[in-house]
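Contents: one structure, followed by commentary.
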Amino acid sequence: MKMTETEAMQTSAAASPPVVLPTTVATTTIKSKKLTLIPLIFLIYFEVAGGPYGEEPAVKAAGPLYALLGFMIFPFIWSIPEALITAELSTAFPGDGGFVIWADRAFGPFFGSLMGSWKFLSGVINIAAFPVLCIDYLKKVIHPLESGWPRSLAIMVSTCILSFLNFTGLTIVGYAAVLLGLVSLSPFIIMSLAAIPKIKPHRWFSSGQKGLKKDWNLFFNTLFWNLNFWDNVSTLAGEVDRPQKTFPVALLVAVIFTCVAYLIPLFAVIGAVNVDQSQWDSGFHATAAEMIAGKWLKIWLEVGAVLSAIGLFEAQLSSSAYQILGMADLGFLPKFFGLRSKKFNTPWVGILVSTLITLGVSYMDFESIVASANFLYSLGMLLEFAAFIWLRMKKPQLKRPYRVPMKLPGLVIMCLIPSGFLVVIMVVATKIVYLVSGLMTLGAIGWYFFMKFLKSKNVIKFNDGGENEEG
């Protein structure tokens, strides 16, 4: 894909010597196009949402009013702070690796490696859900895919085919995301327009059916899941055309676009359809589409769900693969992991490693593993917030092409609110989640010291970027 040249981290000349990101491993001299604004917007959209699929349980958990308020308010508590931090740090450190670079610059290589392990594990485990989701939709039409070897084979083939698209280049993935986004959203636009004559506004203000106990755990987890992962795109910063200008605009548009894409169908369906609250499970939008406009729209919306899952897979696999590339450039992984395809200039080793782990997880009963991956992601976000505040304190003169327009006390408050939410989610986790997350974290710590040992003994070649100056 894109050949990343040496990317310099410009600090204030007076305070400290400049911090320089390592040169990306170059295995080819071909020049590739950089990722531009529109494809980047849709890649961010698929990193986070991929459409209103999956927002329905918020209504089931707490009722229509709280669901609408949740999707209106939660972006200000979670999505906007995460997007602002991503915009500032991605433009200050525009290299592949994203949040790994931030933690490394703030707290040193140990925390950079730990951040990379936490975010990579949570990312590839989440990726594994999307081919399975595609097969779950297809099995309604192709019944042999319900179980047995046909299902296993279909998961493997679909994962490999989708991974190959990633191999052909990030620009292709970006424009595929634009197409997938428009097509998968189109049935929701039609459904929302068709619902207008049937909307009864008083339904928006219902706090829920009497006698139904509110499930706040499900409610907040639904909001968290649907409005998360804004920082994943940071691992692609080295592949973006003029990242200092492109990233803030792309994140701003993506936040607005994502929130509107959630809210309009939710307002339309709640206002137009009167059903038992318990029916608002994941996938209820398809049922509502049939009630509003007919079975043809239900089928179209289900096809859109498959296309959305494909877009989610492609976007998140790209982030994981380029994270591996960035970690190799920084010296956290052996140099081999930073190899690029000579034909497409894509990080083929990163794509291969991510795909193999994804395939392995796809065949497991991974409900607890996914919950543990989300726990690790929460730990990573707490470290990310800390790195953001620390870098503002430690390097106030660091050149930041985009700077969150707040002084330090305001930034602390901005980070404390979502941090409190993360702590609540982690506190209510199950014992098995604590166990699996603890084992994964111990593995990540062991991996860091193992890589450090290999580097000290010159057993495998590493780049020099990992042991940079602190901060």
Placing one equal point scatterer on each C-alpha of segment 96-138 and summing with Debye, one gets log10 I(q)/I(0) at q = 0.31 Å⁻¹ equal to -0.95
Where in the chain is the longest stretch that carries no GluC sites (Glu not before Pro) classed as loop by DSSP and with at most 14 other Cβ atoms within 10 Å? 6-468
Rounded to two decimals, what is Rg over Rh for segment 375-471 when you use alpha-carbon atoms and the Kirkwood radius? 1.07
Would you grab the residues whose amide H sits under 5 Å from the one on Gly54? Only those 5+ places off in sequence or on another chain, please, with H modelled 1.01 Å from N. Gly283
Just to check I understand the Karplus step: with θ = phi - 60° and J = 6.51 cos²θ - 1.76 cosθ + 1.60, what whole-Hz values come out for segment 150-164, glycine and proline as x? x, 5, 4, 5, 5, 5, 5, 5, 5, 4, 5, 5, 5, 5, 5
Sorted on mean Cβ neighbours within 10 Å (highest first), peptides 423-430, 58-65 come out as 58-65, 423-430
Between Leu442 and Thr36, what is 0.36 nm times their sequence separation minus the Cα-Cα distance? Round to one decimal in nm. 142.3 nm
Once amide H atoms are placed 1.01 Å from N in the peptide plane, what residues at a sequence separation of 5 or more from Val240, or on another chain, have their amide H within under 5 Å of its amide H? Leu35
Compute the length gained on full extension between Ile299 and Ile425: take 0.36 nm times their separation in residues and subtract their Cα-Cα distance, giving the result in nm to one decimal. 41.8 nm
Measure off 7 Å from each Cα along the Cα-to-Cβ vector at Ile460 and Tyr137, then give the distance between these two points in nanometres to one decimal. 3.7 nm
Given just the C-alpha atoms of segment 278-413, how large is their convex hull per residue in cubic angstrom? 241 Å³
Filter the trypsin sites (Lys or Arg not before Pro) in segment 392-471 to those in DSSP coil with at most 12 other Cβ atoms within 10 Å of their Cβ, and list the result. Lys407, Lys457, Lys461
Pseudo-spin-label distance Ile432 to Ser282, built 7 Å along Cα→Cβ, given in nm, is 1.6 nm
What whole-number value in Å² describes the accessible area per residue of the chain for a 1.4 Å probe? 41 Å²
Quotient of Cα radius of gyration and Kirkwood radius for segment 40-87, i.e. Rg/Rh, equals 1.03
The percentage of the accessible area of the chain (probe 1.4 Å, all protein chains present) made up of carbon and sulfur atoms, to the nearest whole number, is 71 percent
Residue-by-residue Karplus 3J(HN,Hα) for segment 282-297, coefficients 6.51, -1.76, 1.60, Hz, glycine and proline x: 4, x, 5, 4, 5, 4, 5, 4, 5, 5, 7, 10, x, 5, 4, 6
Each label sits 7 Å from Cα toward the beta-carbon; between Lys198 and Phe164 the label points are separated, in nm, by 4.2 nm
Diffing segment 300-308: the Karplus 3J(HN,Hα) column from phi (6.51, -1.76, 1.60, θ = phi - 60°), in whole Hz with x for Gly and Pro, holds 4, 5, 5, 4, x, 5, 5, 5, 5
Beyond 18 Å, what share of the Cα-Cα pairs of segment 202-354 remains, rounded to the nearest whole percent? 71 percent
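The values are calculated or read from the model by the stated rules, or taken from the named source; none is laboratory data. On a predicted model such as this, the values are computed, not experimentally measured, just so you know. Quick reminder, even Gly has a Cβ in these numbers, built from the backbone with ideal geometry, and neighbours come from all protein chains shown. Accessible surface is based on the protein model in full, side chains and every heavy atom, while ligands, DNA and RNA are left aside. Shrake-Rupley method; radii C 1.70, N 1.55, O 1.52, S 1.80 Å.
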